[in-house]
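The values are calculated or read from the model by the stated rules, or taken from the named source; none is laboratory data. All figures in this text were calculated on a predicted structure; none of them were measured in a lab. Positions of Cβ are generated from backbone atoms using ideal geometry, with glycine treated the same way; all protein chains shown enter the neighbour counts. Protein only, heavy atoms only, side chains kept; ligands, DNA and RNA dropped before computing areas. Shrake-Rupley method; radii C 1.70, N 1.55, O 1.52, S 1.80 Å.
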Amino acid sequence: GVVLEIVCSDELDSPWILAQPVQYPETPPDMFRAEGWAELMTHNLNEGIAEMLRQYTFNKTPDWSYEEEWRVFTFKRQHEVGEYSDYPVHPAHFANVYFGPHMRETDRQDILQLLQGDLVHVQPLQARFELDRRFSFEPVAR
C-alpha cells in the first residue's frame, strides 16, 4: 500500500485542521450499550444521528491504538449534491508519499510518475522492515 502525508495549513484553508484524534477506550462509550442507545433516543432525530455517527467515527477498540489515527468529521455542505462530499486539496498539502514494503513495483512507478509539476516537492520514501520488525524509510530516487 501507500500512505500520503498531508500537512495542515491555515494559509491554504486546509480542511485537515478540523481533524480530531480517534479514541481507543478500554471501556466502550455509553452509546455502545443499551443505556447509551436510550439516551440517544431522547435527542431529536438529526442530533441523535449526528452523535451516533460522531461516536462511531472517533472511537475504536484498543487493539487499533497503534494507529494513533486522526479523522475529520463533517457532513455534506448545503451547496453539494450527490452521495458524498469532496474537499479540494491544494498540492502544497502533500508532503511525503510512503510506499509499503510489499507494494508492487508497477504501482510504485505509477505513483512516482504522478509526482511531477505541482507535486514535484513531494518526497517519496520506501518502507522497509528491520530485523526488530520496525519500519525504516529510505528516500526513493526519481
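Quick notes on this structure:
- Counted over the chain, the DSSP beta bridges are approximately 70% antiparallel.
- Rounded to the nearest 10 Å², the accessible area of residue 56 at probe 1.4 Å: 120
- Shape call, the chain: gyration tensor on alpha carbons, a/c limit 1.5: oblate
- Sites residue 95 and residue 66 - FRET efficiency at Förster radius 25 Å, r taken between beta-carbons, to 0.05: 0.70
- Each peptide in 121-127, 90-96 was scored by the mean count of other Cβ atoms within 10 Å over its residues; highest first, the order is 121-127, 90-96.
- Surface per residue (accessible, 1.4 Å probe) for the chain, Å²: 75
- Computed per residue of the chain from DSSP H runs no shorter than four, each worth -39500 (n - 2.57), the mean residue ellipticity at 222 nm is -6500 deg cm²/dmol.
- Computed from the Cα positions only, the extents of region 92-142 along the three principal axes stand at 38, 22, 17 Å, in decreasing order.
- Between the Cα long axis of helix 105-114 and the first principal axis of the chain there is an angle of about 90°, rounded to the nearest 10.
- Spin-label proximity, residue 104 to region 1-44 - amide N less than 14 Å from point 7 Å beyond Cα toward beta carbon: 1-2
- Overall form of region 8-49 per C-alpha gyration tensor (a/c, 1.5; a/b vs b/c): oblate
- Rolling a 1.4 angstrom probe over the chain with all protein chains present gives an accessible area of which 56% lies on carbon and sulfur atoms.
- Cα gyration tensor, region 45-99 - rounded (a/c under 1.5), prolate or oblate: oblate
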